[in-house]
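Everything on this sheet refers to the single structure shown next.
The values are calculated or read from the model by the stated rules, or taken from the named source; none is laboratory data. This structure is a prediction, so every number in the text was calculated from the model and none was measured. All Cβ positions, even for glycine, are placed from backbone atoms using ideal geometry, and neighbour counts span all protein chains on display.
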Amino acid sequence: MSTKRISHWIDGKVVEGTSGRSGTVWNPATGEQAATVDFASVEELDKAVGIARAAFAGWRQTSLTKRAEVLFRTRELIDANRKELATIVAAEHGKVVSDALGEIARGLENVEFACGIPHLLKGGFSEQASSGVDVYSIRQPLGVVAGITPFNFPAMVPMWMFANAIACGNTFILKPSEKDPSAAMFIGELLAQAGLPPGVFNVVHGDKVAVDAILEHKGIAAVSFVGSTPIARYIYETGTKNAKRVQALGGAKNHMLVLPDADVEMAADAAVSAGYGSAGERCMAISVVLAVGDIADPLVAAIKARLPKIKVGPASDPDAEMGPLITREHRDKVAGYIGAAAEQGATIVTDGRNDLPPGDGFFLAPSLIDDVTADMSCYTDEIFGPVLGVMRIDSYEAGLKLINDNQYGNGTAIFTRDGGAARQFQFDCEVGMVGINVPVPVPVSYYSFGGWKDSLFGDSHMYGPEGINFYTRGKVVTSRWPDPATSKVDLGFPTNH
Ligand code: NAD
């Protein structure tokens, strides 16, 4: 049987790669190869940019009403095809279908937001700013913009980007993760069915060669990136060096601070859901629980009690709640943190290296590590797997210091029944997205998503109002219609009167 081949989506159709380079796409649940994906060369990327550039001329002329119509139809088509898209995501990513449906629902919110583009692009108008002079502001698209996305949300993160980008009148080149590239292709087909003109949305697959070609291409005006911190930093530095607008979202180490007055059972439910959902492969996953004072013992016991009930298995098993990790290498790396934690003096409460589903899938069961300290590798590193650490601390202040000293500042959560403490935490913490009794505080689409510190490079958060700003540039028009008879030469700097 020949291996399935995944090619590019350019100019509204599938385009086979010509570089001769490709990558392997795995089925993480079986450990078998699922497909190959073409990797673009510099020349192929350049061709795609040329097509997107040509499409821009017509797309930016398209009325807001017509653009909104296409987005409404896209919304309906993604909605009608949720199950199929979720199945595609599950097959290559490994997450269970219910989880994939969740990512599609949250991604779809961004398409719904973009349907409001006529309202979102309203400018300001000041009548009679000076005598007989009106001033108004407009926002115009940038041109060809690119999105480079991570493996962990192959449907949602592209939707964070392209919906607003094309609504604003740009044309878009998506370079999805080479590990699960099929969701992007299906989205391309749905956009074409929705009536998006060819060339407005393109998918170019690849590795560093394609990414570097995007960063260096003079025809690309802006780059949105989501992925790990070292690559985010590289994308930001290289993209801005090439005079592009860049927003580059990086990794995370999200703390959940549990105060002694919190409801133990509710905090345990939240820690388990946010720590092990999607096998911990979420940038908003809770990675470490900071247990303050006496709550530590009952909280660890309550989390531990929940873990054997989590059904680990392939997405094809309708009862499975947690799937495999993305690759064998990543699974082995994550498992390595459990052994390292034991050697460094932590207590392994539940060891996820045991009791794995049969076969060669990249599975790791939930692991719980107690007595974590700040010098251990399971604390200093972003693990990105189903490994939850518990650190026992004495006070709110000690927890706040850990959070604020951390290199990352993506998400955090506080669990308490004390409104004053929660209010203080929201004020004090140096983190971009904060949950109060909410463990995964991903903002709704009409706010913007982004972390602080090493979790985001650039000054623009993603989607929502900041997304609209990112994908447009401002223009201010000063206008007057005087009687020519009043015209005269005046070399003084114009003042308002
Ligand atoms: P990654 O950084 O390895 O890859 C992201 C993208 O960059 C992919 O498209 C990949 O092809 C490309 N890439 C990888 N190496 C490159 C290189 N050397 N040069 C140029 N391009 C390169 O990230 P990942 O493993 O796909 O995703 C997981 C990471 O993403 C985690 O660190 C996670 O926290 C982060 N993430 C962050 C957010 C956020 O919103 N902050 C959201 C999701 C994921």
Can you name the residue in the range 292-339 that is within 13 Å of Gly94 (Cα to Cα) and β-branched (Val, Ile, Thr) and is also surrounded by the most Cβ atoms within 10 Å (Cβ to Cβ) among such residues? Ile326
Name the pairs whose Cβ atoms lie under 6 Å apart, with the first residue in the range 368-395 and more than 25 Å from Pro260 (Cβ to Cβ), the second crowded, with 23+ Cβ neighbours inside 10 Å and basic (Lys, Arg), and 6 or more positions between them or separate chains? Glu382/Lys253
Could you list, in sequence order, all residues of the range 233-242 that are surrounded by fewer than 22 Cβ atoms within 10 Å (Cβ to Cβ) and either assigned by TED's automatic domain parsing to the domain that holds Lys401 or β-branched (Val, Ile, Thr) (or both)? Thr238, Thr240
Flag if Thr478 is at pLDDT below 95, more than 23 Å from the chain's Cα centre (by Cα) and among the β-branched types (Val, Ile, Thr): no
For the range 1-25, what are the residues that are of a type in the set (D, E, K, R), in contact (Cβ under 8 Å) with a residue 40 or more places away in the chain and over 15 Å from Glu44 (Cβ atoms)? none
Wholly within the range 216-322, which strands (runs of 3 or more DSSP E) include no fewer than the required count, namely at least 2 residues that are within 18 Å of Val372 (Cα to Cα) and modelled with pLDDT of 95 or more? 254-258, 286-292
Counting only residues that are β-branched (Val, Ile, Thr) and in contact with a strand residue (DSSP E or B) (Cβ under 6 Å, 6 or more places away or on another chain), which one in the range 466-496 is farthest from the ligand (Cβ to nearest atom)? Thr478
Restricting attention to the range 125-170, and to residues there that are β-branched (Val, Ile, Thr) and more than 25 Å from Lys47 (Cα to Cα), which single residue is nearest to the ligand (Cβ to nearest atom)? Ile138
Quick one: what pairs do we get from the range 51-72, first residue without any contact (Cβ under 8 Å) to a residue 60 or more places away in the chain, second surrounded by fewer than 16 Cβ atoms within 10 Å (Cβ to Cβ), C-beta under 6 Å, 6+ apart or different chains? Leu64/Pro118
Could you figure out which of (1) over 25 Å from Thr65 (Cβ atoms); (2) within 16 Å of the ligand (Cβ to nearest atom) isn't true of Lys218? (2)
Within the range 182-215, count every residue that is more than 12 Å from the ligand (Cβ to nearest atom) and either in a helix (DSSP H, G or I) or at pLDDT below 95 (or both). 11
What number of residues within the range 317-363 are more than 16 Å from the ligand (Cβ to nearest atom), of a type outside the set (D, E, K, R) and under 25 Å from the mean Cα position of the chain (by Cα)? 4
Being away from the ligand (no atom under 16 Å from the Cβ), in a loop (DSSP other than H, G, I, E, B) and more than 17 Å from Ala48 (Cα to Cα) narrows it down to one of Lys179, Lys122, so name that one. Lys122
Filtered residue count, the range 61-74, keeping only those that are over 26 Å from the mean Cα position of the chain (by Cα) and in a helix (DSSP H, G or I): 4
Among residues of the range 453-465, those that are among the charged types (D, E, K, R) and within 13 Å of the ligand (Cβ to nearest atom), counted: 2
If you take the residues in the range 386-414 that are part of a loop (DSSP other than H, G, I, E, B) and either more than 16 Å from the ligand (Cβ to nearest atom) or not assigned by TED's automatic domain parsing to the domain that holds Gln424 (or both), which one is surrounded by the fewest Cβ atoms within 10 Å (Cβ to Cβ)? Asp394
Would you check if Ile166 is under 21 Å from Ile468 (Cα atoms) and in a helix (DSSP H, G or I)? yes
For Gly435, indicate whether it is within 30 Å of Glu92 (Cα to Cα), within 16 Å of the ligand (Cβ to nearest atom) and surrounded by 20 or more Cβ atoms within 10 Å (Cβ to Cβ). no
Per the filter on the range 374-385, residues among the β-branched types (Val, Ile, Thr) and surrounded by fewer than 18 Cβ atoms within 10 Å (Cβ to Cβ) are Thr380
Scan of the range 132-163 for residues that are assigned to a helix (DSSP H, G or I) and crowded, with 24+ Cβ neighbours inside 10 Å, ordered by number: Val157, Pro158, Met159, Trp160, Met161, Phe162, Ala163
Which numbered condition in (1) without any contact (Cβ under 8 Å) to a residue 40 or more places away in the chain; (2) in contact with a helix residue (DSSP H, G or I) (Cβ under 9 Å, 6 or more places away or on another chain); (3) more than 15 Å from the ligand (Cβ to nearest atom); (4) not assigned by TED's automatic domain parsing to the domain that holds Leu400 is the only one that Arg245 fails? (1)
Taking the stated definitions as given, is Val258 under 30 Å from Leu402 (Cβ atoms) and more than 11 Å from the ligand (Cβ to nearest atom)? yes
Taking the range 247-284 as the search range and keeping residues that are over 17 Å from Val334 (Cα atoms) and of a type in the set (S, T, N, Q), which one is surrounded by the most Cβ atoms within 10 Å (Cβ to Cβ)? Gln247
Under the condition of being of a type outside the set (A, V, I, L, M, F, W, C) and in a helix (DSSP H, G or I), which residue from the range 367-385 is farthest from the chain's Cα centre (by Cα)? Ser377
Among the residues in the range 190-208, are any assigned by TED's automatic domain parsing to the domain that holds Pro465, without any contact (Cβ under 8 Å) to a residue 40 or more places away in the chain and surrounded by fewer than 20 Cβ atoms within 10 Å (Cβ to Cβ)? yes
